[in-house]
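First the structure, in the form of structure tokens, and then the observations on it.
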Amino acid sequence: MLRERSPLNRQKMCKAHILQLMISLLPGKVFRLLEAAGKIAGEKGYAAYLVGGMVRDLLQGIANLDIDIAVEGEGIAFAEELAHRLSGRMQGKTRFGTAIVTFPGGLKVDVATARSEYYKYPAALPEVRSGSIKEDQFRRDFTVNAMSIRLNPGEFGTLIDFFGGREDLKKGVIRALHKGSFLDDPTRIFRAVRFAERYGFRIEKRTEELIKEAVKSAMFDELTIERLRDELVLIFSDKNPVRAIEKMAGLHELKFIHPRIRFDKKSRKLLEGVKETLIWFKNSFPGEKINIWLIYFAALLDRLTPEEIRATCRRFLLSQKNEAKIIIGKKEASQRLKELNKKGKVNPSRIYKCLEDLSLEPLLLVMARAEKEAREGIAFYLNELRQVKTKLNGTDLRKLGLEPGPQFARILKELLYARLDGRVKSKEDEVEYVRRNFGPGDMAVGGLEPATRGL
Ligand code: ATP
Ligand code: MG
């Protein structure tokens, strides 16, 4: 499956070209940091390499500032010196010789001691011993992620590519390094899809066979399930989760999320609905933060019963808050849509009441399922209604002579509904409205529509 590059070939790798890429793509302070790292390594008699995603992306002309450095030598001693010289701080050192160095201004470097690892049995935690950069690269997932760039002075910018990563990058291929790779670490089954999808690459044929074989016997235990969840979060946050899900389905990977999940016509429709909804939302409200991954995850779990959904959320160690959002997005959808689909003129306050208790993720999930009428109602709510505020606040109510208390929230809600429906337009209108309906002496007057009555 894998042809090794000859050393001669390796030397031919165009150092000047890599240097050029580094100069043009990396901010000056990152470039200088890498130079300093190489210098420190040289002084200590070590070799330092830039490794992983940053190398892969540099070669594609993409700026990726996730700096991973592998050191042949004492990784921790190197990290300490790097922190010391460049006014950084070393954190999180481990017995595996890894550490993180952070610098003022937000730069961060992951340092690892170049290492090899072997697995006592499939999916076990790796046993680690220090080794050479070649062994370090061999334990990585795919050829395109197993290249490194020398940082030591004199060799700074030299690409080290033992496994043909550069050629695979040119061809647009995701290729595993050895046949046991997916059994050693089943999260790679998902990483293959993630990288293929992100860069529009194809999974190499033999690698795909290995995935299909591994899928039959791979297992995610408590330790690996969190890493699987992290991979899924990345896949669902990336450019085209629907295509990635389709690819996962083709490789029979969805069963690891839940055995009853399918990618059929119905789930495709919902997922496409989510995609369209999110495109609209992101264009309309670019500054608003939402958990996109959560919405896709919820859509994928949609065919499961609430009990199965809960169990899956717990298996993946989702927070209670996120679990609740997924459940609400499913349970509430049909009733809310029914309400929004009612024919005839609907008061804005009614749309507002129908949606006001939903946070954005469940709301967008409801929108993803909606047909035209309800969709327009939700868009109206998001674009306009939720922006509406009353002119009066609690202090104003007190000034109007009302007794402070829990009823203030109710009064302000009523006022908001009146404003949404155009029954009050100005601050004076609001004062008048409050006087008329809630004024001192009138506070106990009945007959008002209860503001927070359920739908
Ligand atoms: P991204 O741009 O998404 O961060 P990345 O390649 O940097 O992509 P990371 O998950 O940050 O991915 O990992 C950094 C590097 O560590 C990878 O490029 C790869 O060499 C190695 N790596 C990460 N996870 C695995 C794994 N499960 N098995 C083998 N190697 C891995
Ligand atoms: Mg990374």
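Below, the figures for the structure above:
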quantity: Wholly enclosed helices (runs of 4 or more DSSP H) of the stretch 177-283 bearing at least 3 residues free of Cβ contacts under 8 Å to residues at least 40 places away in the same chain and open to solvent by 10 Å² or more (accessible area, probe 1.4 Å); calculated: 205-217, 241-250
quantity: Count of residues meeting criterion [touching a residue at least 24 places away in the same chain (Cβ under 8 Å) and open to solvent by 50 Å² or more (accessible area, probe 1.4 Å)] in the stretch 309-331; calculated: 5
quantity: Set 193, 215, 233: member being under 26 Å from residue 298 (Cα atoms) and within 12 Å of ligand 1 (Cβ to nearest atom); calculated: 233
quantity: Candidate set: the stretch 54-77, residues that are open to solvent by 30 Å² or more (accessible area, probe 1.4 Å) and farther than 21 Å from residue 101 by Cα; chosen: the one nearest to ligand 2 (Cβ to nearest atom); calculated: 62
quantity: Matching residues, the stretch 35-72, being within 12 Å of ligand 1 (Cβ to nearest atom) and in a strand (DSSP E or B); calculated: 49, 50, 51, 67, 68, 69, 70
quantity: Test: residue in the stretch 352-364 that is surrounded by 21 or more Cβ atoms within 10 Å (Cβ to Cβ), farther than 27 Å from residue 234 by Cβ, among the aliphatic types (A, V, I, L, M) and touching a helix residue (DSSP H, G or I) at 6+ places or on another chain (Cβ under 8 Å); calculated: yes
quantity: Residues being assigned to a loop (DSSP other than H, G, I, E, B) and either open to solvent by 60 Å² or more (accessible area, probe 1.4 Å) or touching a Gly at 6+ places or on another chain (Cβ under 8 Å) (or both) - total across the stretch 403-420; calculated: 3
quantity: Qualifying position, being modelled with pLDDT under 95 and over 24 Å from the mean Cα position of the chain (by Cα), among 96, 78; calculated: 96
quantity: Checking residue 334 against (1) under 21 Å from residue 294 (Cα atoms); (2) at pLDDT below 95; (3) among the small types (Gly, Ala, Ser); (4) buried (at least 21 other Cβ atoms within 10 Å of the Cβ), the condition it does not meet; calculated: (4)
quantity: Search result, residues across the stretch 22-53 that are closer than 25 Å to residue 139 by Cα, of a type in the set (Phe, Trp, Tyr) and open to solvent by 20 Å² or more (accessible area, probe 1.4 Å); calculated: 46
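The values are calculated or read from the model by the stated rules, or taken from the named source; none is laboratory data. Bear in mind that the values here come from a model prediction, so they are computed numbers and not experimental data. All Cβ positions, glycine included, derive from the backbone under ideal geometry; neighbour counts span all protein chains shown. Heads up: the accessible areas ignore ligands, DNA and RNA and are worked out on the full protein's heavy atoms, side chains in. Shrake-Rupley method; radii C 1.70, N 1.55, O 1.52, S 1.80 Å.
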